[in-house]
1. Filter segment A:3-32 down to the residues that are open to solvent by less than 30 Å² (accessible area, probe 1.4 Å) and touching a residue at least 12 places away in the same chain (Cβ under 8 Å) and list them by number.
2. Here are the criteria: (1) assigned to a loop (DSSP other than H, G, I, E, B); (2) under 17 Å from B:GLU249 (Cα atoms); (3) more than 15 Å from the chain's Cα centre (by Cα). Tell me which single one B:ILE77 does not satisfy.
3. What's the total number of residues in segment A:209-224 that are in contact with a Ser or Thr (Cβ under 6 Å, 6 or more places away or on another chain) and not in a loop (DSSP other than H, G, I, E, B)?
4. Could you tell me which residue of segment A:236-275 is most open to solvent (accessible area, probe 1.4 Å), considering only residues that are assigned to a loop (DSSP other than H, G, I, E, B) and modelled with pLDDT under 95?
5. Across segment B:309-326, what is the number of residues that are over 21 Å from B:THR149 (Cα atoms) and either within 23 Å of the chain's Cα centre (by Cα) or of a type in the set (Phe, Trp, Tyr) (or both)?
6. Hey, does segment A:33-40 have a residue that's open to solvent by 50 Å² or more (accessible area, probe 1.4 Å), outside any helix (DSSP H, G or I) and more than 19 Å from A:ILE243 (Cβ to Cβ)?
7. Counting just the residues of segment B:168-178 that are part of a loop (DSSP other than H, G, I, E, B) and surrounded by 22 or more Cβ atoms within 10 Å (Cβ to Cβ), which one comes out farthest from the other protein chains (Cβ to nearest Cβ)?
8. Which one is farthest from A:GLY118 (Cα to Cα) among residues in segment A:276-308 that are basic (Lys, Arg) and either more than 14 Å from chain B (Cβ to nearest Cβ) or outside any strand (DSSP E or B) (or both)?
2 protein chains.
Amino acid sequence: MKERILEYLRNSKKYVSGEDISRELNISRTAVWKYINKLKEEGYSIESSSKKGYRLVESPDRLSYEEISPLLDTNYIGRNVLYFDSVASTNDIVREYAQRGEPEGLIAVAEEQTKGRGRMGRRWSTPKGVAIAMSMLLRPNLSPQFVPTITSVIAVSVVEALTSVTGFDIKIKWPNDIVLDGKKLCGILTEMSAEIDAVNHVIIGMGMNINQDDFEDDIKDVAVSLKSYSGKSFERKLILAEILNRFEENYEIFKFHGVSPFIDKIKRFSALLNNRVIISNINEKFEGEAIDIDMDGCLIVRLDNGDVRRVISGDVSVRGLYGYTP
Amino acid sequence: MKERILEYLRNSKKYVSGEDISRELNISRTAVWKYINKLKEEGYSIESSSKKGYRLVESPDRLSYEEISPLLDTNYIGRNVLYFDSVASTNDIVREYAQRGEPEGLIAVAEEQTKGRGRMGRRWSTPKGVAIAMSMLLRPNLSPQFVPTITSVIAVSVVEALTSVTGFDIKIKWPNDIVLDGKKLCGILTEMSAEIDAVNHVIIGMGMNINQDDFEDDIKDVAVSLKSYSGKSFERKLILAEILNRFEENYEIFKFHGVSPFIDKIKRFSALLNNRVIISNINEKFEGEAIDIDMDGCLIVRLDNGDVRRVISGDVSVRGLYGYTP
């Protein structure tokens, strides 16, 4: 009922009387008054006048279903939302739902994440109300070896969304970071559960810095938020909705054509190409120049001895970007 | 305490008095008598004589820790055993433990599996006491794209174990079935949970037909057990222990050298090589001759037009084997 009152206020845009709401939704005027108070407590700014009734002045920048869904033009991505004021890890939550057979498109979002993690179990911090922590369930009809390419498609969607909202020069640090001003703005964590030749599910987790004023000393050389970079605040819900909108569009293309339609964008947005890189993965560590991204989304690196290596994934350290340790 | 009495009986091999047991284990003679009765209920054949005491005549063919562990010479594979009289799916159980951080080597075994499944969610039947249902947790330090090769290493271990116990001509139907007499004896299901470039865990599930007398009409052309083939019964615990012994040895080699040391055996045991095959996977279906298995464990198929395809995994239908549908 609270959601319906909110929708009613939102649609009318001007003052509506308690009587109108009460009649329209078939509840008592006392009930209307109670729900309005609840909305206020949740951060909605609602003017009340004994003559004119109620008017919605401003909605809080929350990542709840009520706030995101009016901004979505997707069919299935983000249409089921698990919303948490605070949670250990959105990826863990989505994994539970995945194992119970939930269809793709489900997202979990949290205002605060207390045990968020990045790749290889590294910690990722999501302080309350100023960042985005989101995980999404996908069930692509795909062989496991092609799953890394989904990370590239989501990275492209994130850059498109952020660029359209902010106008900033946002780049992809292949394979799974988004950078601004040479620092890390967003990390993407892709997990999969698969049999040898078929994916059961993929979970894309995303942690994005938005309105942090600044960062603690030990990470301020490597971390950036939209606000710490520009001094301006941004609406998190707008950014999240725009990412989901872009992603669904791109994911539909990906389902039919794979990653190849995105290679041009992946190259254009790349923070790596034509730079000196150090690649570390489970088996090896080597240095060279990032010269290309091939049609499968793999990074092509030319070593100093002229050998050319094709890299599916790994830790990348780039001269000129945060965390470069030659 | 039951386990310690069993061990005591097993080690002495002849009659031991209730008094000796009671003194040795520091429990009352009534307690000894109670535990002996419990063991009898569980299928242990124990002779009792008022003069001479107790003697273990025969142990049941169960897959419990007490029965398997005396047969193991492994260091970590099968040293932690989750034993179930009946369970929905051993893979599901092991997955729960995997997510809680259990180290590799854990196995779950069941006398009966009520919701066992094979690849792509297909049903797999494990009737009580005559088959083996076993799942094993591994944590290889591996990129996800190399996980399919673990299936080949376990398949080799199964063939080695079964051949040494039975002497029968056992083959591998690449990638994940074990065949006898052109019919399916054993299916292997490999599941993984992974990030893009690192495996969290791998679960190997195995369903093996041992002492079924025969099979129902709808599957008797495709299924075989050691007994339905030979008329003889086999001890399941011996076979399971031998598989675990062989596997640990092979897995240690695999950890350091990958699948290549196994390619010769994979070829020698192959039911596919030099046969006409039909390959179906998510993206395509094609027919040709299986001409080789390469150093990465991939099947090489020559199409009728002369093209050569490299197959990582897929459904394979082979002329002369069960389920061939041209």
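1. Here is the first cut: in segment A:3-32, the ones open to solvent by less than 30 Å² (accessible area, probe 1.4 Å) are A:5-6, A:9, A:16, A:18, A:21-22, A:25, A:31-32.
Of everything in segment A:3-32, those that are open to solvent by less than 30 Å² (accessible area, probe 1.4 Å) and touching a residue at least 12 places away in the same chain (Cβ under 8 Å) turn out to be A:ILE5, A:LEU6, A:LEU9, A:VAL16, A:GLY18, A:ILE21, A:LEU25, A:ALA31, A:VAL32.
2. With respect to (1) assigned to a loop (DSSP other than H, G, I, E, B); (2) under 17 Å from B:GLU249 (Cα atoms); (3) more than 15 Å from the chain's Cα centre (by Cα), B:ILE77 is out only on (3).
3. Total meeting the criteria: 1.
4. A:ASN274
5. Within segment B:309-326, residues that are over 21 Å from B:THR149 (Cα atoms) and either within 23 Å of the chain's Cα centre (by Cα) or of a type in the set (Phe, Trp, Tyr) (or both) number 4.
6. Within segment A:33-40, not a single residue is open to solvent by 50 Å² or more (accessible area, probe 1.4 Å), outside any helix (DSSP H, G or I) and more than 19 Å from A:ILE243 (Cβ to Cβ).
7. That would be B:TRP174.
8. A:ARG302
The values are calculated or read from the model by the stated rules, or taken from the named source; none is laboratory data. Treat the numbers as computed from the prediction; the structure is a model and nothing was measured. Note that each Cβ is placed from the backbone with ideal geometry, even for glycine, and that neighbours are counted across all protein chains shown. Each accessible area value is taken on the protein alone, full model and side chains, heavy atoms only, with ligands, DNA and RNA left out. Shrake-Rupley method; radii C 1.70, N 1.55, O 1.52, S 1.80 Å.
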